[in-house]
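The values are calculated or read from the model by the stated rules, or taken from the named source; none is laboratory data. These numbers were taken from a predicted model, which means no experiment stands behind them. Glycine gets a Cβ as well: all are built from the backbone with ideal geometry, and neighbour counts include every protein chain shown.
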Amino acid sequence: MTLAEKLEQLFTKRPNSSVPAHTLAKLLKLPPKPDSERLGLNWTMHWGQGIVLGAARALLAERGVRGPIGSFLFLNLRLLNDQVLENATGAGALPWTWPRDEQAIDLIHKGIYAFTAGALLDRLIPNPDPAPVPRKGWTVGKKA
């Protein structure tokens, strides 16, 4: 996700977001500082959320929620996590108030993270039930 963001910023000239730093600072009740002094907070929140939520995606894979559907569900969890924390702390704004290009950029970056993490974790974590067996007396789609 970070690599995709940096590539996108080369073309769009969009600056780095300081919202993760503001969110973490408010969660930790830290005193206000200029954005230029919050790089460590920004990285901590950015990478910390990725690590913690990556563990949630690993649990999905372990429980059999895998593939594109598992990654799509995870994408929604990632977006929900950001919005709850950012809006609960007052550090962010509701997404429908953002310009459309910012909405698209956020969805693309979070999608890259969700589907890349999903593909990696689906490969690393053994599938608990690779081929479910129909129950006795049932056939696919109808009762026997």
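Results, tabulated for the structure shown:
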item: Residues that are at pLDDT below 95 and either among the hydroxyl-bearing types (Ser, Thr, Tyr) or surrounded by fewer than 10 Cβ atoms within 10 Å (Cβ to Cβ) (or both), drawn from the stretch 117-133; result: 126, 129, 130, 131, 132, 133
item: Test set (1) more than 12 Å from the chain's Cα centre (by Cα); (2) among the small types (Gly, Ala, Ser); (3) at pLDDT below 95 - residue 50 fails condition number; result: (1)
item: Residue in the stretch 13-30 that is surrounded by the most Cβ atoms within 10 Å (Cβ to Cβ), counting only those that are touching a helix residue (DSSP H, G or I) at 6+ places or on another chain (Cβ under 8 Å) and more than 26 Å from residue 3 (Cβ to Cβ); result: 26
